[in-house]
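Take a look at the structure below.
The values are calculated or read from the model by the stated rules, or taken from the named source; none is laboratory data. Here the structure is a predicted model, which means the values were calculated and not measured. Cβ placement follows ideal geometry from the backbone for every residue including glycine, while neighbour counts extend to all protein chains displayed. Just so you know, the surface numbers come from the protein's heavy atoms only, side chains and all, with ligands and any DNA or RNA stripped out. Shrake-Rupley method; radii C 1.70, N 1.55, O 1.52, S 1.80 Å.
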Amino acid sequence: MHSLVEPNAWIALKLPSGNTRILQIIPNTTVSLGKYGSFPSNLIIHRPYHLTYELQDKKPPETFNRLRIVPAAELYSDILSSSDSSNSPDEATPAPDGDDADIPLPTGVEYTLVDPESGAVVATTDRAELNAEARQTLTMEEIEELKKDATDAGKDLIAKLMLSHTAIDQKTEYSLAKYKLLKTRKYIRRFSVLPLDVAQLDYWLLEDKDPAKILDMREEMVALLGCWANVHFGGEDHCDSESPNEEGIESVPNPKQTPGRWLVVDDTGGLLVAAMAERMGILYPVKSKHLLEGPQRPRSPKARRREPPVQPIMTTTTDSHVPTHPAHQPIVAEDNPDVEPESQENDLSKPRSPQASRKPLGEAKQRSNDLQIPYAHANTLTVIHPNSQPNLSFLRYYDFDITNPTHTPTHPLTRHLMTLSWLQLLEPQLDSTYSSEAPNATPEELRSWKANRRGTYHRKRRRWARTHHVIDSARGGGFSGLVVSSTMDPISVMRHCVPLLAGGAPIAIYSQAIEPLTALADCYSIARRGAWVASPPGELAGCSLEEQEHWAGNDEFPLNPALVLGASIQTSRVRRWQVLPGRTHPLMTSKGGAEGYVFTGWRVKPAEGKVEARGKKRSKKRKVEEGQTQGQGEGGK
Amino acid sequence: METYKVSPFLDPGSLTTPDTLSIVHLSRDNIQPVYLQDTTGAVNGYAEGAVINTRFGSFPHSTLINKPWGSQIRASIVDTGSRGRKRKLEAIAADIAAEDTPDDGTGEDASSAGPTKDVKTAASGFIHILPPTPEVWTTSLPHRTQVVYTPDYSYILHRIRARPGMHIIEAGAGSGSFTHASARAVYNGYPTNGGEKKGKVWSFEFNEDRYKKMQEEIKSHLLEGLVQITHRDVYNDGFLVDGESPEADCVFLDLPAPWRALPHLSRRRPTPSQLASAGLEPLNGEESEWKSPLRSDRSVYICTFSPCIEQVTKTIDTMRRLGWMEIEMVEVAHRRINVMRERIGYNMPTERGANQSAGNVEEAVARLKEVERRFKEFNKGRPGATDANMDEDEEMLDEGDLVNGNASRVREAEGLEDTPSTKPWMVGRLIHRTEAEIKTHTSYLVFAILPQEWSEEQEAAAYETWPCGKESKVIGSLNKEARKQEKREMLEGKKRKKGPGGNKADGNHDSDQKNI
Ligand SMILES: C[S@@+](CC[C@H](N)C(=O)[O-])C[C@H]1O[C@@H](n2cnc3c(N)ncnc32)[C@H](O)[C@@H]1O
């Protein structure tokens, strides 16, 4: 995983401004970096990640710009020399530190130098400004000239522009370094290629794209959710349910092992699901081994001429170290020329996973066995969604299309991700597929139908089986944990999800604002729990524990407070620093927005009957704590 | 080849089982690890076998075994009288004396051979029993060093991409807090005969006691095969284990001088001048062939964890000299938040935690008027009504009652009653505040990435496979001119009706395209 940049991979380009851009690296295209220039995509395919490149000038007769790998020694030379001889001022700072320095350029101005502290414009290439500035020595023509031949990747331009602005001479060394920092970012034609894993996707969505779409969920929050919900690789199916099972009956999993199954509510467009899938090892399609061997692989001369005819072949194995599992090999032969879609060049309208054009795996086989469950038992995610279809569109960056999972039969998510709506979960009898009988036709009928109709029939049967399995297994409960990042009221989510959790299962809920979570925590306050034990709601008299678990709640007890232990709320935020010789300090600015909070707790199983608390009486001094909902003086209320 | 029992950290099963780690939850800040023992016969003088004593009651292990995880367990009536007086004192001294004997089995005195006594449930008291996770372990583990807590380790593991199947180097192991969290992160099954490489933690600790303790813990937590701890001074002796490379994908250094360990984490032997410039000694074993502990065909992610800024400066300086990229330093500010009901007002129930002062201006004015009215009324009936001197024996409403918030007296006097519909736990405004004490600084986190090496031969081969010069489309961000041109072409294409595919560049997802 993420060894070399694969053709058609989604990647992040980190630009000199510190901004990132996401794009799919399609072979034989030109990647434009806007004002920084452009280069052929083939120059980064099958190359390592995290190298810093510099755009070279075109070397006629070549019609494209080549890239140069900037060695670390060169990247850091200025910083290191300044730390070696302490009195020479710092030169360029190569590692953009994320400081928000990318000030939008006014129209007509190509380059502007801005003092980051005061926001004052120090120098600009705008003609009017230049003319007005009597001491300005560089003409517009000169600048244009410089930009055209941009020798040495624009460094000259910077130098001249710096010199031309005599005011800079009067600045202190300290602020001079600041100006240079900005300018360097603006001009140097350097960039690096980063893998679009979940951390990078989150970073980009937050910083450059649209934080609202992911409820402002920062990496800190994603990380806390995953840990507190204990999301990890949840084991393998012990009985291989992939092997065709003629009766279509699922074998019972080993009862001693509890398969890792997590319940998810995701209103972040799939970012949360992607993050959890990453933790479980089911997010990335693992490339076949020969691709990892890289470009040294011997090739036929024919293949060498055009782009390689090899498409990434995916397996469901989770481990980048693991060689391809033979059972998961797609039926398409490696050298099948059809694998390389001819349409590549003219159908570029949507990002497409390499096998998007393939037929579902082993269609013939599936026909005889429509009712076989196409899902794994262990290591699964079950997503409950508010609309009739889930919105998990960000998964497409991982070659998975939730609206068409059968098109990626070997993607691990195809077998490990299940989705159902709240209606399907709570009132499945109202779901038309669920409430109907499985379509059933006699072999004679089948034979009499046209291929088209037969296809529909099989599709319907498969969908029926899928729907039944997803709904029944979700309603069956026993989940290993609950992770939520939603705009819905967490109390309503908990009311229906807590009973579906296994005893001891952790709960982790993200919210942009704290209020929904304080309201939730208040449902489990000490006072409320005490009152529940002392005098439970009259309507529950004579109810079994099971019935009490599914109780709908009332005003006084919105939730059964005995089902959750350790309700608490936390928040976390990182602060980034600039570390430079003699100039180490936290960044001056960073993103605001939603603070973000995480609620955690455990699903517990109350004992039958009335359970009195015991413990030392609290002294008066602990008055304040007494009022808290989270004192959790459990046994000793 | 060994077969492994799955660690309760990774799959606890659905019921508690004997001889595996369980977590007893007494209160939010009192969580205890316990190895449940299935004993027949008395232990430590308890006829009931091993017993956990807490201030919430006594809990024989037999009442905790084979229960669904998360079960609430009632306290039992345990006869402590028959036990030695000394032991009893010990048990009281410790808030919870988990009288479970250590897992090595020593110290167990199953002297009386008879069957375990039947256990009677006590009238009150309970605990909950939870499966172990790195999060609860971190709060309950025996501290031998400073440990890395959940807010830091969750973020670190996320940033260094510790994922199923990865190999992670960790030094020093310390108390094993990070070890457990990273074992869970990289776990993708136990090693099998097939020789498939599975996720693994390569842990290093140079303090012998801690090393030994960790080794025991790994064993008793069933993490063997997933965590390998090596007794090592990594500054001097690096990270190879039995001469072999861990082939690490990611690295976490929680050491006093991470920069001294960094040279060993190189792809090729650092040059003497590189080391000298960083103020470091030459490495041991200069003669032998260099073997990197890092995985060669992938970028390696690192995090170092240091409390002081001087450590950070040195670490980053060394990282720059050794070619690490994307160097970034952050600190994590984490807060737990308490939620409570704020009860302010004259008509709040007279409970602890309620503040019986005026809840708003109207309430204050109403109360003042009332006082004024009574005062007048009281004096009206008296001769010399204007005389401010009052008979001290006179039973009257003292203003002090109001001021001091003796509300019940006021209420009685006023005939006020709580509206019976509002339950005490629903009264007052729901508020929150940061916990009483916060950790304002744990450590500075330095992150960096070491890309794989890329030779000119590799580059030449890649170039031959992926030749340039026949680019058909522009992707990525376009400058204004190119964008205009594209638009023109697209419009023309539309006019011509369904040309061969759109001209819109694929994969263009820069910020001006909001269609995700
Ligand atoms: C702060 S503790 C680590 C705590 C650990 N991260 C945790 O979460 O529990 C630092 C540990 O590094 C060990 N250590 C210090 N120098 C070392 C060296 N040169 N090689 C190996 N371990 C070392 C110390 O003995 C100590 O146990």
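State which residue is nearest to the chain's Cα centre (by Cα) when the search covers only segment B:436-463 and only residues that are part of a loop (DSSP other than H, G, I, E, B) and β-branched (Val, Ile, Thr).
B:THR442
Determine which member of the set B:GLY507, B:GLY476 is modelled with pLDDT of 55 or more and either of a type in the set (A, V, I, L, M, F, W, C) or within 26 Å of A:GLU207 (Cα to Cα) (or both).
Numbers: B:GLY507 fails: modelled with pLDDT of 55 or more.
Only one candidate passes the filter, namely B:GLY476.
Report, by residue number, each residue of segment B:267-278 that is among the hydrophobic types (A, V, I, L, M, F, W, C), in contact with an Asp or Glu (Cβ under 8 Å, 6 or more places away or on another chain) and either within 12 Å of chain A (Cβ to nearest Cβ) or within 11 Å of the ligand (Cβ to nearest atom) (or both).
Answer for segment B:267-278, where residues must be among the hydrophobic types (A, V, I, L, M, F, W, C), in contact with an Asp or Glu (Cβ under 8 Å, 6 or more places away or on another chain) and either within 12 Å of chain A (Cβ to nearest Cβ) or within 11 Å of the ligand (Cβ to nearest atom) (or both): just B:ALA278.
Tell me, which residue of segment B:129-153 that is touching an Asp or Glu at 6+ places or on another chain (Cβ under 8 Å) and modelled with pLDDT of 95 or more is nearest to the ligand (Cβ to nearest atom)?
Per the criteria, the residue is B:VAL148.
Find all pairs meeting these conditions: Cβ atoms under 9 angstrom apart; at least six residues apart or on different chains; first residue within segment B:118-141 and more than 7 Å from every other protein chain (Cβ to nearest Cβ) and open to solvent by 20 Å² or more (accessible area, probe 1.4 Å); second residue of a type in the set (Phe, Trp, Tyr) and within 15 Å of the ligand (Cβ to nearest atom).
B:THR139/B:TYR149
Listed here are the residues, each with its yes/no results for (1) open to solvent by less than 10 Å² (accessible area, probe 1.4 Å); (2) modelled with pLDDT of 90 or more; (3) over 30 Å from B:CYS250 (Cα atoms).
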residue: A:MET1; (1), (2), (3): no, no, no
residue: A:LEU13; (1), (2), (3): yes, yes, no
residue: A:VAL31; (1), (2), (3): yes, yes, yes
residue: A:GLY34; (1), (2), (3): no, no, yes
residue: A:THR52; (1), (2), (3): no, yes, no
residue: A:ARG66; (1), (2), (3): no, yes, yes
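Being open to solvent by 30 Å² or more (accessible area, probe 1.4 Å) and more than 30 Å from A:ARG279 (Cβ to Cβ), is that true of even one residue in segment A:476-488?
Filtering segment A:476-488 for residues open to solvent by 30 Å² or more (accessible area, probe 1.4 Å) gives A:476, A:478, A:480, A:487-488.
From what is left, the residues that are more than 30 Å from A:ARG279 (Cβ to Cβ) are none.
No, there is no match, as no residue in segment A:476-488 is open to solvent by 30 Å² or more (accessible area, probe 1.4 Å) and more than 30 Å from A:ARG279 (Cβ to Cβ).
So that you can scan it fast, the table gives a plain yes or no per residue for (1) more than 23 Å from the chain's Cα centre (by Cα); (2) modelled with pLDDT of 95 or more:
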site	(1), (2)
B:ALA183	no, yes
B:PRO191	yes, no
B:GLY195	yes, no
B:GLU205	no, yes
B:ASP209	yes, yes
B:ILE218	no, yes
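Which pairs do you get when a residue that is in contact (Cβ under 8 Å) with a residue 40 or more places away in the chain and among the hydroxyl-bearing types (Ser, Thr, Tyr), found in segment B:262-277, comes within reach of a residue that is part of a helix (DSSP H, G or I) and surrounded by 16 or more Cβ atoms within 10 Å (Cβ to Cβ), reach meaning Cβ atoms under 7 angstrom, with the pair 6+ apart or on two chains?
Note: pairs meeting the criteria are B:SER277/B:ARG321.
Regarding segment A:494-510, can at least one residue be identified that is in contact with a Cys (Cβ under 8 Å, 6 or more places away or on another chain), aliphatic (A, V, I, L, M), open to solvent by 10 Å² or more (accessible area, probe 1.4 Å) and within 13 Å of chain B (Cβ to nearest Cβ)?
So far as segment A:494-510 goes, no, none of its residues is in contact with a Cys (Cβ under 8 Å, 6 or more places away or on another chain), aliphatic (A, V, I, L, M), open to solvent by 10 Å² or more (accessible area, probe 1.4 Å) and within 13 Å of chain B (Cβ to nearest Cβ).
Which of the residues that make up segment A:509-538 are more than 25 Å from B:ALA123 (Cβ to Cβ) and without any contact (Cβ under 8 Å) to a residue 12 or more places away in the chain?
A:GLU515
List the number of the failed condition for A:PRO606; all other conditions in (1) at the interface with chain B (Cβ under 7 Å from one of its Cβ atoms); (2) more than 31 Å from the chain's Cα centre (by Cα); (3) surrounded by fewer than 21 Cβ atoms within 10 Å (Cβ to Cβ) hold.
(3)
Within segment B:314-347, restricting attention to residues that are in the same structural domain as B:LEU255 (by TED's automatic domain parsing) and on the phi > 0 side of the Ramachandran plot, which residue is surrounded by the most Cβ atoms within 10 Å (Cβ to Cβ)?
B:GLY323
So, of the residues in segment B:292-312 that are of a type in the set (A, V, I, L, M) and within 10 Å of chain A (Cβ to nearest Cβ), which turns out to be most open to solvent (accessible area, probe 1.4 Å)?
B:ILE309
If B:TYR235 passes every condition in (1) within 16 Å of the ligand (Cβ to nearest atom); (2) touching a Lys or Arg at 6+ places or on another chain (Cβ under 6 Å); (3) within 18 Å of B:GLU453 (Cβ to Cβ) but one, which one does it miss?
(3)
Could you list, in sequence order, all residues of segment B:161-184 that are farther than 22 Å from B:SER296 by Cβ and more than 9 Å from the ligand (Cβ to nearest atom)?
Across segment B:161-184, the qualifying residues are B:ALA183, B:ARG184.
Name every residue in segment A:578-599 that is part of a strand (DSSP E or B), of a type outside the set (A, V, I, L, M) and surrounded by 21 or more Cβ atoms within 10 Å (Cβ to Cβ), in order of residue number.
A:TYR597, A:PHE599
Tally up the residues in segment B:185-204 that are open to solvent by less than 10 Å² (accessible area, probe 1.4 Å) and within 16 Å of the ligand (Cβ to nearest atom), please.
4
Could you list, in sequence order, all residues of segment B:20-67 that are under 20 Å from B:GLU217 (Cα atoms), within 13 Å of chain A (Cβ to nearest Cβ) and part of a loop (DSSP other than H, G, I, E, B)?
Correct list: B:THR20 only.
If I go through segment B:249-266 residue by residue, how many of them are away from the ligand (no atom under 12 Å from the Cβ) and open to solvent by 20 Å² or more (accessible area, probe 1.4 Å)?
0
Looking at B:GLU289, B:GLU224, B:GLU281, B:GLU244, which is the one that is within 16 Å of the ligand (Cβ to nearest atom), surrounded by fewer than 19 Cβ atoms within 10 Å (Cβ to Cβ) and over 18 Å from B:CYS303 (Cα atoms)?
Values: B:GLU289 fails: within 16 Å of the ligand (Cβ to nearest atom); B:GLU224 fails: within 16 Å of the ligand (Cβ to nearest atom); B:GLU244 fails: within 16 Å of the ligand (Cβ to nearest atom).
Step by step, each of B:GLU289, B:GLU224, B:GLU281, B:GLU244 is checked, and only B:GLU281 is within 16 Å of the ligand (Cβ to nearest atom), surrounded by fewer than 19 Cβ atoms within 10 Å (Cβ to Cβ) and over 18 Å from B:CYS303 (Cα atoms).
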